[in-house]
Amino acid sequence: MGLIKKLAAAFLLLVVLGIAGIFGMQYYYNTTYDKVPVEVKTETVSGDVFYLSHLLPAGKYYINASSEGRVEKIVILDEDGNVLTESEGNSLFYGSSRPFQVRVDYKAPLNADSYRVSVGIYRLEKK
């Protein structure tokens, strides 16, 4: 029984350290980098839609999406359209040594003819 308690405690400790690491990384990027707007758009749309950015040069970026409906996911694509990574949240820090595109999928709210969506792509530059 002692081994199971130690494994459970170690697992919980790893989860707490992981969560602290994620918030620590976000704090680091927010305090040491300036966000230079690359693409910032807001539109009124209807139905399920997606946004596809132009090809972005290599570098570190912060992507933030919002919607009156729901942001389904943020997808990072390479030059050929292959999926590099996905995030189911509304924001994402991403760094790459190769050019890439950003795709944001939006889900329409129930019983709404139109709704507003927005996306902001910011290049991170050292302060």
Check your understanding: How many of the residues in segment 65-90 are in a strand (DSSP E or B), farther than 12 Å from Val117 by Cβ, open to solvent by 30 Å² or more (accessible area, probe 1.4 Å) and not basic (Lys, Arg)?
Key -> 4
Practice item. Would you be able to say whether some residue in segment 60-80 is touching a Lys or Arg at 6+ places or on another chain (Cβ under 6 Å) and among the small types (Gly, Ala, Ser)? Key: yes
Practice item. Within segment 91-111, count every residue that is of a type in the set (Ser, Thr, Tyr) and in a loop (DSSP other than H, G, I, E, B). Key: 1
Point to revise | Candidate set from segment 18-35 (those that are more than 15 Å from Gly95 (Cβ to Cβ) and hydrophobic (A, V, I, L, M, F, W, C)); member that is most open to solvent (accessible area, probe 1.4 Å) | key: Phe23
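The values are calculated or read from the model by the stated rules, or taken from the named source; none is laboratory data. These numbers come from a predicted model, not from an experiment. All Cβ positions, even for glycine, are placed from backbone atoms using ideal geometry, and neighbour counts span all protein chains on display. Surface areas here come from the heavy atoms of the whole protein model, side chains and all, with no ligands, DNA or RNA. Shrake-Rupley method; radii C 1.70, N 1.55, O 1.52, S 1.80 Å.
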